[in-house]
Amino acid sequence: MKVGLADAGGQARWQLRSGLWAPLWLLTALIAIFQTGFMPLYSTRALGVAWEMWNSGQFLIPYSNGEPYSHKVPLLFWLVHLGWAAGGVGDVWPRLLEVGLGFGVLLLARRLARVLFRDMPLVAQLTPWLLAAFSYAFLFGLQIMYEVLLALCVLASLNALVGRDPEQRPWFFAFALAVAAGLMSKGPVMLLHVLFPFLLGPLWHPWAQRWRMRWYLGGGIAVIAACAVLLGWAIAAGMAGGEAYRNELFFMQTAGRVVDSFDHARPWWWYATVLPALLLPWLLWPRAWQALGRALDLRRHPGVRLLACWLPPVLFGFSVVSGKQTYYLLPELGGIAILLAAGFARLVHHRQRPRRLVGPWPLAFGMFGVAIALLTLPHWLAAGLFDASALVDLSLASPWFAVAAVALGGLLLLTPRNDAAALRHISALAMLGACLAYVLFANTFWVQFDLRPAAARIAALQAADVPVAHFRGYENQFQYLGRLTRPLDIVRDDTLQTWSDAHPQGRIIHYESTLTSEDLGYAELVQPFRSTWLIIEPVAQWIARRQGHPPPPPATPVERFPADYWPYHRLSGKAAAPANKATAPAALPAAP
């Protein structure tokens, strides 16, 4: 870090070296990712599949709760297995893997910017700063999910197309490998991310303009070879997995999401409502909007033309596809970062001094607002202005988080007026802010997501040969956390009594929107889970309770997790409020 250097206006400022983004991002990501256990349902589901493959020794077909899992292809699971083979099954390797993949995304985005904008070296310097600061991407990247690996493959594919120099022949062999890896990471959706830049190559790639036939022939062979890799795995897995798995793998998982999605179906305009969340914090810095305008002035530049052939068509393609999720667009954030970096490089080149009005004051005031909310929330709850369990959990946060928010807001107001220095300054604070936000989550809301107690209880029941069933939909959230060696039975309303008759000593996992004193009297284990309460109890007992004929309460006391969680005290009448005097709501729904 440079101290006391003068910026363009002659003012002494703290300025960050251009390469400091790497250790800063690694430090904040590693601190954040070890703050909690694995998040349900994203991380636990992926690791559950990896665990079942590992435990069964079946590495060709992904398995979820004992059944072939057609929703995903296996590359991420294989990477998890690679680390487990070296160091044993554990929680550290999947976290390090995800951080490593995220760091690779930053490196490839910087390389792509360097090759595309050889005449503007500042673009490559600023790109990783911009990309590392996207708050949604930072926080989502802490989950064991497929999109970070997919983003790495997308950027690797584009780097292969630009090669060492867009004036020269692309690296078609590397392009084939990168596309194949993407297809094995997330399936055919990989093509939606990379086909537009390839098909529109003559519009942005100088070599493709001169050698169109060679461009389409070489790239077409590469795409066909990549698809052959996916098809080869799919045929082998389909033959081994049976007819039902084969039909889902070849038909439902692609056509079902594109035409009339069975999962995450949303209207065509839905992405317009979530793009602002993806673009934070830069969306709230007025200078970034000016930089975007200057980047569009470079529309004749090959780099900007590539971004134009990549970003808008992909957004259009995903808008047309029926199934939509916010994180589907994460691979495109690298392109958005490069576009903004090009705009800022133009501003720096033309020495256009920013006015105070376009400073990061919206971000600073936002942090001050967070601090005020954290400090006043206990008083609002005590006054009865709010009645939400989630806010009670948040009110228990240490006041030091409010102090940290004030400090971040104050540092934002001290942002240098030099554009490059200002960008690095804001990016560093954004990374620190995202890390602190996750630490705050770990100290307040994580209690609503920590399924390790229930998973340990299920593992103990299975070890004692007690049958365990899950009521209604199951997302494989307990298999890895409990290292379960047997699948859970799935029962619904019409099969509950039959399963109970066949397993009179069996246990049932069910969820209640509101916890009652009766639940605490009969449950073997109870813990909050998202917007519900998770309860494990004997299945015959629960059926009797549902029918209004509860048996005598068991002598064994309930296991409550966390043991001192404030709703339990309120239900048992031991306390009317948490330790900070904020009044808890009368009802006891779990925090959403």
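Between A460, A428, which is surrounded by fewer than 18 Cβ atoms within 10 Å (Cβ to Cβ), modelled with pLDDT of 95 or more and part of a helix (DSSP H, G or I)? Spell out the reasoning first.
Numbers: A428 fails: surrounded by fewer than 18 Cβ atoms within 10 Å (Cβ to Cβ).
On inspection, the qualifying residue turns out to be A460.
Which members of segment 178-193 meet the condition of being over 21 Å from the mean Cα position of the chain (by Cα) and either among the β-branched types (V, I, T) or within 21 Å of A113 (Cα to Cα) (or both)?
A178, V179
Write out, first by first residue and then by second, each pair whose Cβ atoms fall under 8 Å of each other, whose residues are 6+ apart or on separate chains, and whose first residue, in segment 473-494, is on the phi > 0 side of the Ramachandran plot while the second is of a type in the set (S, T, Y).
Every condition considered, the pairs that remain are N476/T44; N476/S64.
Report, ordered by the first and then the second residue, all pairs with beta carbons closer than 6 Å, sequence separation of six or more or different chains, a first member in segment 192-208 that is surrounded by fewer than 17 Cβ atoms within 10 Å (Cβ to Cβ), and a second member that is of a type outside the set (K, R).
Within 6 Å, the pairs are P202/A208; P202/Q209; L203/C309; P206/P166; P206/E167.
Checking V491 against (1) modelled with pLDDT of 95 or more; (2) under 30 Å from H569 (Cα atoms); (3) touching a strand residue (DSSP E or B) at 6+ places or on another chain (Cβ under 8 Å), only one condition comes out false. Which one?
Exception for V491: condition (2).
Can you run down the residue pairs with Cβ atoms below 8 Å, 6 or more apart or on separate chains, where the first is in segment 378-394 and assigned to a helix (DSSP H, G or I) and the partner is of a type in the set (K, R)?
P378/K581; A382/K581
Out of W54, W14, W21, W25, which single residue is of a type in the set (F, W, Y), out of contact with any Asp or Glu (no Cβ under 7 Å at 6 or more places or on another chain) and at pLDDT below 95? Before you say what the answer is, go through the steps one by one.
Working: W54 fails: at pLDDT below 95; W21 fails: at pLDDT below 95; W25 fails: at pLDDT below 95.
It is W14.
Of A397, A407, A371, A390, which residue is open to solvent by less than 40 Å² (accessible area, probe 1.4 Å), in the same structural domain as A437 (by the TED database) and at pLDDT 90 or above? Don't jump to the end; show me each part of the working.
On the way: A397 fails: at pLDDT 90 or above; A407 fails: open to solvent by less than 40 Å² (accessible area, probe 1.4 Å); A390 fails: at pLDDT 90 or above.
When all the criteria are applied, what remains is A371.
Considering L60, L47, L41, L76, which residue is at pLDDT 95 or above, surrounded by fewer than 19 Cβ atoms within 10 Å (Cβ to Cβ) and either touching a Pro at 6+ places or on another chain (Cβ under 8 Å) or not hydroxyl-bearing (S, T, Y) (or both)?
Among L60, L47, L41, L76, only L60 is at pLDDT 95 or above, surrounded by fewer than 19 Cβ atoms within 10 Å (Cβ to Cβ) and either touching a Pro at 6+ places or on another chain (Cβ under 8 Å) or not hydroxyl-bearing (S, T, Y) (or both).
Of the numbered conditions (1) under 19 Å from W282 (Cβ atoms); (2) open to solvent by 30 Å² or more (accessible area, probe 1.4 Å), A422 fails exactly one; give the number of that condition.
Unmet condition: (2).
Quick one: which helices (runs of 4 or more DSSP H) sit completely within segment 486-572 and have at least 1 residues that are open to solvent by 10 Å² or more (accessible area, probe 1.4 Å) and touching an Asp or Glu at 6+ places or on another chain (Cβ under 6 Å)?
Details: elements: 496-502, 517-522, 539-546, 566-572.
By residue number, 517-522.
Among (1) part of a helix (DSSP H, G or I); (2) outside the structural domain of R530 (by the TED database); (3) buried (at least 18 other Cβ atoms within 10 Å of the Cβ); (4) not acidic (D, E), which single condition is A455 missing?
It fails just one condition, (2).
Can you tell me which residue in segment 229-244 is farthest from P302 (Cα to Cα), limited to those that are out of contact with any Lys or Arg (no Cβ under 9 Å at 6 or more places or on another chain) and open to solvent by less than 60 Å² (accessible area, probe 1.4 Å)?
So, considering only residues that are out of contact with any Lys or Arg (no Cβ under 9 Å at 6 or more places or on another chain) and open to solvent by less than 60 Å² (accessible area, probe 1.4 Å), the one farthest from P302 (Cα to Cα) is G242.
The values are calculated or read from the model by the stated rules, or taken from the named source; none is laboratory data. Since this is a predicted model, take the numbers as computed values, not measurements. Backbone-built Cβ (ideal geometry, glycine too); neighbour counts: all protein chains shown. The accessibility values were calculated without ligands, DNA or RNA, using every heavy atom of the protein model including side chains. Shrake-Rupley method; radii C 1.70, N 1.55, O 1.52, S 1.80 Å.
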